[in-house]
Structure formats: C-alpha cells, structure tokens
Amino acid sequence: MTAHGREAASADGGRSAEEERAAEEERAVDQALALVGHKARARHRPPEGPGETPPKPTPSSPVSPPSPVSPPSPVSPPSPSPSSSAAAADSASAGPESRPEPGLTPSSPARSAPTPGATPPSSPAPSSPAPVVPPLAAPAPASAADSASSRPHGASSADRPASSPHAHRTGATAWHAARALAERLGRAAPLTAHRLPLDRALGHVLAEAVVALTDLPSFDTSAMDGWAVAGPGPWTVKEGEGLLAGRGSTEPLPDGQALRIATGARLPADATAVIRSEHAHCDEARRLLYAGREVVQGQDIRPRGQECRSGDELLPAGTVVTPPVLGLAAAAGYDALVAVPRPRVDVLVLGDELLTAGLPHDGLIRDALGPMLAPWLRALGAEVAEPRRLGDEAGALRHALVSSDADLILTTGGTAAGPVDHVHPVLAEIGADLLVDGVAVRPGHPMLLARLAEGGPCLVGLPGNPLAAVSGLLTLAEPLLRGIAGRPAQDRYRAPVRQEVHGHPHDTRLIPVVHREDSVVPLHYNGPAMLRGIAAADGLAVVPPGGVRSGTEVEILDLPWASASPWTEGCFT
C-alpha cells in the first residue's frame, strides 16, 4: 500500500472511531441526565403532588437503584476489590477510547423527582445499563435516614462517612461529552419568562416569537426626496408646500399632476411614481415638471407591507436581543418583549493565599480570578453578584452553597485532593449530585460539575490556576449558562493552525490562538497558571490528543469579545 493509501485508510478509521466515540458519549450523557432527574428549582415549577415521589434511596451501593428516572441495571455489580481497583487504574492510564468516564454519572444517589418525558416505572428498561461509578465518598453501611441524599443542607462533618472523599478517581469525562452534559443540564430547567421594556431587554433571549402587529410600512411612502407624480408627464406642479413625513394631505393626486414630497412621507392616493429631485427639471414660469430620464411606475415608492404583513413572524423564540432586534421590535409597534431572565451566578473565590491589592509578597499572590470571572460571565449573558472571597474555610463554603439562590455557583480552587481542598467533602456533606469529576482536558482537568441536593443550583468547580479556570469556564460554565438562558449555540467551525501544536498523549488540549487571515496562530505563555497568552487571544483551539501538524484544521472556541454577540448590558464593567 502506498503512503497516500495508508494515510487515507488511517483517516477513514479515525473518522469511524470518532463517530463511535461520539455515539457512546451521547448515550452516556443521556444516562447521566436521566439519573440526575432534571429536578427543577422551586421558583420555576411547582412541587410534585403528594405520593408522586418515591422514597429516596440510600447510598450504600455504588450502583444507582431503579427509579422513575434511572433505568435499573440488570445485574448488581460485586463490591470493589483491590484487583478491580487496579484494573480501574490501568483503564485510567489507557487511551481516551478505552478509559471509563465516571464523570458522566452522578456520584451520589439520583434525585427521585419524576422528569417530564422520563421512562415510567412500567416501561421496559433501556438495553444498555447505566455506567457504574465510585461514589463521591465511600459510604459506610447506613440506614436510609443516614444517607447522604436524606441529610439536610449544612450537615456537620460528623455525619460524613468515615472514608475520605478524595478517593482515587479512575477516569475523567471526555471534553466534548462534558460540554454536552453541561448544556443539557441547563436546558433541563424549565424556562421562565418576563416582560421587559425595550430599554431593558438588550442581551436577553426571546421567550416568545416577535410577530408583526401591523404591515411594515403601514402605508405607501416615498423612498426619496423629490416629486410624487400621477400618470405620464410632463406634469403640472400642484400648488402648496408639498408632503412631509408625518404631515400632509392624503387627498388623491389627479392624473398629470406633480407634488413635492419628502422621504418617508405618505404617498397621496393615485400617485404612480416618485421622481428624485436630481432627476427632474421644473419650469417655474410654466409650472411644468419634466423628467430627466424614463419614469417607471412604482419607482422609489415603498409599498405598504413591503417588509412584512401583519401576523408574519419577524423573530423566533430563542433569538438573542441585539440592538437591531430592538429597532425592529420598535418599528413593529412593540413597547416590551417577553424574554428569559438572565441566569444568576454567585462566584466564590477560595484560598487563604490570595491578595486583593498590591504586589505579591511572603508567599501570597494576587487574586486574578475574582476580577476576571464576573465580567466574563456578564459577557456570556449572566447576572453576576460581587465575587465573595471565602479563603480555605469549609464551614464558610458549606454555608455559602446551601444559602445561595443563584442558578449557578462558581467556585475557584479547592477541587483537587490537597489538605485544604474542601469542595469535594462539602459537596458530599450536603448530598450533592457529582456529575463530572474531572475532564480529560489540559489545562483544567480537575474541574467538576455538580447539582446541589433538593433542586438546588448547579455548581461548577474551577481549578485555581488562572488558565485552567478559563478552561473550566468554557468547558462547563458557558454551555450550562447557555442552556439555562435558552441561548442558541454558536455554529461550530474549524480553522487551520499556522504551526505544529504539541498535544497531550490522552487528553484534549485548549490553546489560546489569534486569528490571522484564514488561519489561527497559537500563542505562547499557555501554561495552566499563565494569563499572558489568553489576554492576547481571540479564541481557543481545541487540540485533540497527540497534537496536530501545521495546516491541520481544529475546532475553534470564540471568546465573547471576539464577536458581535451576545450583546449584554454592563459588558466588562
């Protein structure tokens, strides 16, 4: 086989493997969301009626029990053993296609609230069982009353299982699968809607279609300054000041006559054309108007209904309200628009080593994420409270989580397994569903996605390193917010890289790039703790495992300020 033939066969095989992997990721995402149960926040949907929610299961088994939203596994797996743990570790070190993806299923018991469209108990179970994952914290034998899912928010550390919640995680969720899960989780929440005056609707997403309330234009108007004429010329000039926009007589114009008219003025009945001022000559002495070129019937007239007819759909639901959308709505007679509220986000900055002012000193460093995340989230269309700095205090973190009424909580740092990394233990204490515990992406692989118990908000845990946090923001927070707001996804596109980009052996890599003509140039200073590269970038290149050669096309994630949308109030303020 020639070298060319080998390359072609390899490409075909790669595409086939990629399609299979995408299909597997899609199935895993569906199973994860089914296990979560899509339980809505109380303010979005009334609680289920009495008797509709079965008892909550205990977390004594790593296998999710049967429920209205969780298909039962046909066989209960045996308890983990040292040998199985070793096998799991070997699987984690294997390539991306053979590595398990436990982040696609919740690590604590599934919520038992019914989900619209979920398979009822009487329906046959899906042919493929849900993936089995290790629990968030290795549970000790306990009754249902002691289970993590039945503990109230803010349970004390004494109620935690004795085993460490920082147990070895055997795998990470694939990057594309993590983004898909985050978006679907956001879209699972029922959309609410409110009516906003036009001057407050910018950046929101339409919850209802904008339908024309009248014809546009609603009457025949002149498209030019000039003369309204009726019939063939020359035309006798009619006395009077002429027709102005918003003023003037609507009397019919007799055949063979002409009348001065301004742009936007209502055309008199029976007028057949408008002659531009520069194309006409008026003989003042004889009061006759002559055309300097051929006059075509209907020229320079905007006929009634040229743009739309009453009842036409002008904009569909899901459209982002941009400045031109506001103009069109106003022209169509709207004073307000029905839109989806912006997602509300709380930002919790963790770490005792962070300074808010001055130069780094004595082992302390400046907080780079607090000043960066709030405006970035606003650029994504969210309402963001002032970031709160909690330090490395588990009690403060627990209180902040259980008392938040936001749609999304963002934490920075504390997602690893260090002595002061409290995110995992606190999530275990409050009975959160851990949906993604690590993503196969560099930088940023320790990121996580959870949903707090009892229909609470979602939580995205970002790594503490700045560029790793940006990776988590675009991998999990951006698609989640897009789903909550009902905002459409931008069209995915690819661009060739101008030079070779080294990749990670097994994980996706996100590299800051800048567009140059018809390609993108990778930027230096792209380490996990660096911001110099992303500060000069207008996008991130999604580099597959193993890297790419110069000229290879890769997927590009645009940064919010690199495009004209979404339009939001207070961007970067």
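Given their separation in residues at 0.36 nm each and the Cα-Cα distance between them, Ala269 and Asp362 gain 25.1 nm when the chain is fully extended.
Of the residues Trp561, Gln499, Gly456, the one whose Cα sits farthest toward the positive end of the charge dipole of region 424-573, with +1 on the Cβ of Lys and Arg and -1 on the Cβ of Asp and Glu, is Gln499. Taken over region 340-393, the convex hull of the Cα atoms encloses 65 Å³ per residue. Straightening the chain between Asp538 and Leu244 buys 101.0 nm, computed as 0.36 nm per residue apart minus the Cα-Cα spacing.
State the percent of C-alpha pairs, over all pairs in region 215-371, separated by a distance greater than 27 angstrom. Across region 215-371, Cα pairs with separations above 27 Å total 52 percent.
Under 5 Å from the amide H of Ala174 lie the amide H atoms of Ala440, each residue being 5 or more positions distant or on a separate chain, with H modelled from the backbone and absent for Pro and chain starts. Element breakdown for region 320-422 at a 1.4 angstrom probe: carbon and sulfur atoms account for 57% of the accessible area. Net length available on complete extension from Asp405 to Tyr493 is 28.1 nm, with 0.36 nm assigned per residue and the Cα-Cα distance removed. Shown here is the pair-distance distribution of region 433-528: with all Cα-Cα distances grouped in 5 Å bins from zero up to the longest one, the shares run 3, 12, 17, 20, 20, 15, 8, 3, 2, 1, 0 percent. Cα centroids of region 505-526 and region 465-482: 17 Å apart. When the convex hull of its Cα atoms is viewed from all sides, region 266-321 shows a mean projected area of 6.9 nm². Label Asp558 and Arg516 with points 7 Å out from Cα along Cα→Cβ: what is the distance between them in nm? Distance between the two pseudo-spin positions: 2.2 nm. On the basis of the beta-carbon distance and an R0 of 35 Å, Glu307 and Asp283 show a calculated FRET efficiency of 0.40. With kT/(6 pi eta Rh) evaluated at 20 °C and eta = 1.002 mPa s, and Rh the Kirkwood radius from Cα pairs, region 214-307 diffuses with a coefficient of 165 µm²/s according to Stokes-Einstein.
Scattering from region 476-544 was approximated by placing one identical point on each alpha carbon and applying the Debye formula without solvent; log10 I(q)/I(0) at 0.29 1/Å stands at -1.25. Entry comment: accessible area of region 336-451 is 33 Å² per residue, from protein heavy atoms only and a probe of 1.4 Å. Amide H to amide H distances under 5 Å link Ala273 with Val229, Gly298, where only residues 5 or more positions off or on other chains count and H is placed in the peptide plane. Taking every DSSP bridge with both residues inside region 305-450, close to 25 percent are antiparallel.
The values are calculated or read from the model by the stated rules, or taken from the named source; none is laboratory data. Keep in mind that this is a model prediction, so the values were computed, not measured. Methodologically, a virtual Cβ is constructed for each residue, glycine included, from the backbone with ideal geometry; neighbour enumeration extends over all protein chains shown. With ligands, DNA and RNA removed, areas are computed over all heavy atoms of the protein, side chains included. Shrake-Rupley method; radii C 1.70, N 1.55, O 1.52, S 1.80 Å.
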